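Everything below concerns the one structure shown next.
The values are calculated or read from the model by the stated rules, or taken from the named source; none is laboratory data. Because the structure is a prediction, the values reported are computed rather than measured. All Cβ positions, even for glycine, are placed from backbone atoms using ideal geometry, and neighbour counts span all protein chains on display.
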């Protein structure tokens with residue numbers, strides 16, 4: 001980011017941002033014109049594209065790319081090699097980042113999992129769906145769930161001929177009784193055609209080795225490790241459905257906060273600690289490193305399945321996390337962790353791989369959020385424009401390396417782990433303001449100058465603090481009335 005002042009308030013109320021004007025709007029019109037031309041049989045030459053970027057955009061718009069979102073649970077911002085972690089080994093993800101785009105300022109829509117998952121599915125702020133905290137196993141089932149009245153990614157793209165699959169964690173219902181398809185908020189009622197390896201009982205601390213306590217109906221003993229099982233089933237699903245456009249959410253249970261991995265892999269990282277003095281301290285966790293490596297192996301297998309099926313060049317793969325890491329070392333040098341609105345709780349890795357469309361070796365400093373995933377998929381699939389969604393399409397960021405001029409908001413009115421208190425936050429330009437909702441305490445940080453958030457500037461920069469506080473209060477009122 002280069003701006004040193006807050007950007008214009010473009011998120012609440014929802015309105016068309018100024019960045020849609022001028023050349024950006026022209027590109028959008030070109031994309032839509034290309035789609036219309038393809039549907040009516042008009043050749044590309046009639047469009048008179050005048051640049052390689054426009055050609056790429058037209059190809060992307062007319063090819064209805066497959067989209068795969070791979071999410072990991074509690075993967076911290078620096079959990080991957082391409083984000084600076086020199087203990088974890090993630091060659092497959094690093095390779096995809098090198099051949100695509102790595103985001104440096106990507107955020108989860110919430111500091112915990114269920115609200116972020118709801119935002120990914122709907123393109124709406126968590127409060128609009130009524131899911132602002134992680135869903136629990138309630139004594140009275142069905143008290144909270146993602147209601148069918150909210151349209152989701154599979155429902156939007158089905159209109160464009162897409163098949164949709166969820167493989168792995170859902171965590172958007174509190175009802176774990178009765179037939180799976182009859183439970184309120186289950187993934188089938190949200191348009192998924194295929195659901196594999198999704199929790200049948202409350203996840204709690206998880207279970208990474210077969211037999212899986214929370215998925216008693218799963219049969220087949222191999223592969224025993226759940227991350228590997230998700231990899232295998234995902235690859236097989238891709239092979240079976242490579243002949244038509246598809247959307248997949250490959251939603252992992254790893255790494256969460258019950259660290260289990262094959263023992264030989266844990267031993268590998270223990271040896272690495274012993275042999276390298278710089279890793280021989282409690283900032284490096286062999287069990288977490290082992291889990292991350294299995295996650296990386298999964299990504300490699302999925303990428304290979306795309307290549308074997310001949311559809312890698314027509315598939316956008318997004319790799320991210322649902323929130324910050326559960327422990328501080330997973331997020332360093334950022335402050336905070338899961339449940340916190342400090343950077344360590346909400347900043348996440350985001351990698352976009354789309355060979356031939358997303359320029360290789362690019363880094364984006366655009367401030368982006370989980371709520372942007374659905375609008376992006378809608379635009380690329382030709383399933384309509386942003387409409388009344390809270391998120392913004394990242395198509396221009398991905399295809400043209402554009403910035404995204406927007407404010408980002410968080411509303412987390414909950415206590416977490418007896419440490420974090422109800423809070424809300426806004427990121428505007430280089431600045432971020434956090435308000436403690438019980439006391440009204442304000443914290444202002446210049447994220448560009450000090451991403452570790454050590455110096456509270458609220459007293460030194462009262463004008464900026466007041467401006468951001470005005471925007472944030474406006475957002476909070478809108479969320480409380482949602």
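When you look at residue 203, is it within 21 Å of the chain's Cα centre (by Cα), crowded, with 16+ Cβ neighbours inside 10 Å and not in a loop (DSSP other than H, G, I, E, B), yes or no? Spell out the reasoning first.
Working: within 21 Å of the chain's Cα centre (by Cα): yes; crowded, with 16+ Cβ neighbours inside 10 Å: yes; not in a loop (DSSP other than H, G, I, E, B): no.
Taking the combined requirement at face value, the residue does not satisfy it.
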Apart from one, (1) in contact with a strand residue (DSSP E or B) (Cβ under 6 Å, 6 or more places away or on another chain); (2) under 25 Å from residue 479 (Cβ atoms); (3) surrounded by fewer than 18 Cβ atoms within 10 Å (Cβ to Cβ) all hold for residue 149; the odd one out is (1)
If I ask for residues that are modelled with pLDDT of 95 or more and in a loop (DSSP other than H, G, I, E, B), which ones from the stretch 245-256 would you list? 245
Per the list (1) surrounded by fewer than 20 Cβ atoms within 10 Å (Cβ to Cβ); (2) touching a strand residue (DSSP E or B) at 6+ places or on another chain (Cβ under 7 Å); (3) modelled with pLDDT of 95 or more, residue check on residue 438 breaks on (2)
What's the total number of residues in the stretch 159-194 that are free of Cβ contacts under 8 Å to residues at least 40 places away in the same chain and surrounded by fewer than 18 Cβ atoms within 10 Å (Cβ to Cβ)? 9
Can you tell me which of (1) surrounded by fewer than 16 Cβ atoms within 10 Å (Cβ to Cβ); (2) in contact with a strand residue (DSSP E or B) (Cβ under 8 Å, 6 or more places away or on another chain); (3) more than 27 Å from residue 297 (Cβ to Cβ) is the one residue 224 doesn't meet? (3)
With the requirement that a residue be over 22 Å from residue 384 (Cα atoms) and either part of a helix (DSSP H, G or I) or at pLDDT 95 or above (or both), what does the stretch 38-73 give you? 45, 46, 52, 70, 71, 72, 73
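Given the criteria in contact (Cβ under 8 Å) with a residue 60 or more places away in the chain, in the same structural domain as residue 77 (by TED's automatic domain parsing) and surrounded by fewer than 16 Cβ atoms within 10 Å (Cβ to Cβ), does residue 257 qualify?
Numbers: in contact (Cβ under 8 Å) with a residue 60 or more places away in the chain: yes; in the same structural domain as residue 77 (by TED's automatic domain parsing): yes; surrounded by fewer than 16 Cβ atoms within 10 Å (Cβ to Cβ): yes.
So residue 257 fits the description; yes.
Determine whether the stretch 404-414 contains at least one residue that is free of Cβ contacts under 8 Å to residues at least 60 places away in the same chain and closer than 28 Å to residue 470 by Cβ. If you could, list the steps in order and put the result at the bottom.
Keep residues of the stretch 404-414 that are free of Cβ contacts under 8 Å to residues at least 60 places away in the same chain, which gives none.
No: zero hits.
Checking the structure you have, find out if any residue of the stretch 106-118 is surrounded by 24 or more Cβ atoms within 10 Å (Cβ to Cβ) and more than 19 Å from residue 338 (Cβ to Cβ).
Initial filter on the stretch 106-118 (surrounded by 24 or more Cβ atoms within 10 Å (Cβ to Cβ)): 106-118.
Imposing the further condition that a residue be more than 19 Å from residue 338 (Cβ to Cβ) reduces the set to none.
Checked the stretch 106-118: no residue is surrounded by 24 or more Cβ atoms within 10 Å (Cβ to Cβ) and more than 19 Å from residue 338 (Cβ to Cβ).
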From the option list 154, 115, 111, single residue qualifying as touching a strand residue (DSSP E or B) at 6+ places or on another chain (Cβ under 7 Å) and not in a loop (DSSP other than H, G, I, E, B) is 154
